[in-house]
1. Which one is farthest from the chain's Cα centre (by Cα), of the residues in the range 367-384 that are without any contact (Cβ under 8 Å) to a residue 60 or more places away in the chain and closer than 21 Å to residue 334 by Cα?
2. Can you name the residue in the range 282-296 that is in contact with a strand residue (DSSP E or B) (Cβ under 8 Å, 6 or more places away or on another chain) and assigned to a loop (DSSP other than H, G, I, E, B) and, of all such residues, is modelled with the highest pLDDT?
3. Kindly indicate the residue of the range 206-252 that is part of a helix (DSSP H, G or I) and touching a strand residue (DSSP E or B) at 6+ places or on another chain (Cβ under 8 Å) and also modelled with the highest pLDDT among those meeting that condition.
4. Kindly provide the set of residues from the range 253-281 that are without any contact (Cβ under 8 Å) to a residue 12 or more places away in the chain and assigned to a loop (DSSP other than H, G, I, E, B), ordered by number.
5. Would you check if there is a residue in the range 362-370 being at pLDDT below 90 and either out of contact with any helix residue (DSSP H, G or I) (no Cβ under 7 Å at 6 or more places or on another chain) or in a helix (DSSP H, G or I) (or both)?
6. Residues to consider are 14, 18; find the one that is crowded, with 19+ Cβ neighbours inside 10 Å and either within 21 Å of residue 278 (Cα to Cα) or touching a helix residue (DSSP H, G or I) at 6+ places or on another chain (Cβ under 6 Å) (or both).
7. Out of all the residues in the range 117-149, which are over 24 Å from residue 19 (Cβ atoms), touching a helix residue (DSSP H, G or I) at 6+ places or on another chain (Cβ under 9 Å) and not in a loop (DSSP other than H, G, I, E, B)?
8. Give me a count of the residues in the range 94-109 that are in a helix (DSSP H, G or I) and touching a helix residue (DSSP H, G or I) at 6+ places or on another chain (Cβ under 6 Å).
């Protein structure tokens, strides 16, 4: 099988930026997103080793969706300045690795990714992984096309998609047409939340068939559907990915990764210039570790550690709190870790998504519920974002995590 990685550049760059705390070089150049991308390429070269690597980026300016809905993506926040200043350096690094970035005028990255996935997926010998956090791309999952969450090291197959959304991949665009997608500002059928979308799709499959069977629907649901028909049909158009983009002279072989010398001399010099010495492992560089610094950080990865931290917090009147997540969008963001600062000798890192031992979903929720119920002051940078992420994350994942816990406990009992 040929292992093919298709990377959503726009989604991926945000995930790299928010996955790492902001840090800079000795001359105060922000490099956390650059370093995240650099480390990603090194890991690809040493561990994952895909045969082909395809980077896809949104084309500049408006696309066909803006023509049918002027407010498409109008609610998106402006890119953070500290990320924007790193983009040219990332492009420079990718160029030095001789990796191309595909950008088709008039189309979003999702449309290009969809076209590539469908076309390349026709060959059963192609094992395709889409690296992105976008919900609409889950609609592309088939037997040989998967979604790969590199933060959680989780691969989503057809069954995983059904568990996540409660609908099959082919109905994801219908699901998004009914439920408001804040990330793209796709309009929705007001009052219809995920439960209603799942119910309608399980009965009638698509938005089109829902309206074909409108005479079988009764009550307030029918009234709302009749009233919002134009909006629902518009939303379906916006949520549907174009799978027939003209890719011009695209060649899979020109995106060969396995035979490229990614860590060439030019790249090593680039890493040195950006002080990424840890990525040039064969050079004898005196690297600093946590224990070499005056700050002592304790990593928490089990329930006992959480309990001990909770008891210690009770003796403080205020704490500093921060989350690291996978997205700027509070609806889509997933929690990677939580940092809590009590004083210079008591700094804690609660791991939830990195590959080493993790705090599970239910234990983390219980811990946060208890901490937020304490009579203490919680200090944070953009604390509103942290609280919205926590609320959305636990609300959207609650059902599936409870289901996993029941299955786990049942299996243990038997």
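1. 372
2. It comes out as 296.
3. Restricting to residues being part of a helix (DSSP H, G or I) and touching a strand residue (DSSP E or B) at 6+ places or on another chain (Cβ under 8 Å), the top hit is 252.
4. 259, 261, 281
5. There is at least one residue in the range 362-370 that is at pLDDT below 90 and either out of contact with any helix residue (DSSP H, G or I) (no Cβ under 7 Å at 6 or more places or on another chain) or in a helix (DSSP H, G or I) (or both).
6. Just a single option satisfies the conditions, and that option is 18.
7. 117, 118, 120, 121, 126, 139, 145
8. Of the range 94-109, the ones in a helix (DSSP H, G or I) are 94-96, 109.
Subset that is touching a helix residue (DSSP H, G or I) at 6+ places or on another chain (Cβ under 6 Å): 96, 109.
Final tally of qualifying residues: 2.
The values are calculated or read from the model by the stated rules, or taken from the named source; none is laboratory data. Everything quoted here is computed from the prediction, not taken from an experiment. Virtual Cβ from ideal backbone geometry, glycine too; neighbours counted across all protein chains shown.
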